[in-house]
Amino acid sequence: MTLTVPGFDHLRLPGADGVELAAAVGGSGSPVVLLHGFPQTHLMWRHVAERLADEHTVICPDLRGYGASDKPTATDPDAYAKRTMAADVVTLAAALGQERFALVGHDRGALVAFRAGLDHPETITHLGILDIVPTLDMWNVLHGASAAIGYHLFLMAQPPGLPETMIAASADAFFGSFLDAWANDPTTMPEDVRAEYLRTSAAAVTSIVADYRASAGIDVLHDQADLDAGSQLAMPVTVVQQDWGAQLGYDAAGVWKAWAPDLDHRLTRAGHFMAEEAPDEIAAAIRGLLAR
């Protein structure tokens, strides 16, 4: 049985190109869409979603290729391009009658949210980003021995075949290593939740790798085209992240300011899974974003 946000409806809704997405939907009021990260599902938002539902319609989909959503075969580079995944989100929200909405993403979901903000400025009213820099910048800041922290990015960037075989052979160990290493407080992720992340990730190795492979190819091209064109995010943007700038030697706030003129950049003491470790902090950051 799929674990979902308590008290929310669990629906199947249309995405782009005939893909269907699973989503938890609850609450009432102005809409907020929450996108999950790796190696997780929409379940990561359970605490934050409950905190926002009194004032907002909260929509938490599984990204294509993850959780209970469809996992199309990556027959071309567009299949898991963040542009395509952003179109999924816009299409899904429209199916719920939401033509304009706030969008918050974590990790992989944040990359999708970033692309949605650039591609759909008429639709995304506010943009929240948790613990990333944009794809193009991500590759630029990973260098030398410090890049080892992102070894999975390089592994899954390889041509089809070897990464999928290696990961599938030890899926629980592979995905579980990130759940362990990236959490400051592992007790905030109960065993049933951890098991759900491991189960759904093991069932989605091929599509997860395709998502990451896109970020070493077509996503870079899309980001570079926007950079060359001087494109920026037109809406208010809040970024909450660990102090990656200090760890990897770059100006994180400066990276984001180049893309987001209306920026609130915050550092957190929580770990990567901050929506689960510090839901009050993240819900407050989202409320602050929506008030701008």
Subject >> Peptides 276-284, 225-233 ordered by average Cβ neighbours within 10 Å, highest first >> reply: 276-284, 225-233
**OP:** Leaving ligands, DNA and RNA out of it, report the carbon-plus-sulfur percent of the accessible area of region 23-112 at a 1.4 Å probe.
**Re:** 47
Original post:
Which residue fluctuates the most in the chain, going by a Gaussian network model with Cα springs under 10 Å, if the choices are Arg108, Arg64, Arg100?
Top reply: Arg100
Original post:
Taking a probe of 1.4 Å, how large is the accessible area per residue of region 1-94, in Å²?
Top reply: 34
Subject >> Residues in region 121-139 that a label on Ala229 would reach, taking backbone N under 15 Å of a point 7 Å out along Cα→Cβ >> reply: 121-123
Subject >> Paramagnetic label zone (point 7 Å from Cα along Cα-to-C-beta, Arg194; backbone N under 14 Å) in region 156-187 >> reply: 172-187
Original post:
Nearest 20 debye, what's the magnitude of the dipole of region 77-128 about its Cα centre given +1 on Lys and Arg Cβ and -1 on Asp and Glu Cβ?
Top reply: 100
Original post:
Separation of region 76-116 and region 120-139 by C-alpha centroid, Å?
Top reply: 10
Subject >> FRET efficiency estimate (nearest 0.05) - Cβ-Cβ, Ala145 to Glu99, R0 35 angstrom >> reply: 0.15
Original post:
Once the Cβ-Cβ distance between Leu267 and Asp9 is put in as r, and R0 is 35 Å, what FRET efficiency do you end up with, to the nearest 0.05?
Top reply: 0.50
**OP:** Would you mind telling me the share, in percent, of accessible area of region 181-292 contributed by carbon and sulfur at probe 1.4 angstrom?
**Re:** 54
Original post:
Between Asp185 and Asp76, what is the FRET efficiency for a Förster distance of 41 Å, r being their Cβ-Cβ separation, to the nearest 0.05?
Top reply: 0.50
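The values are calculated or read from the model by the stated rules, or taken from the named source; none is laboratory data. Quantities reported herein were computed from a predicted structural model and do not represent experimental measurements. Cβ: placed from backbone, ideal geometry, glycine included. Neighbour counts: every protein chain shown. Surface accessibility is based on the protein's heavy atoms, side chains included, excluding ligands, DNA and RNA. Shrake-Rupley method; radii C 1.70, N 1.55, O 1.52, S 1.80 Å.
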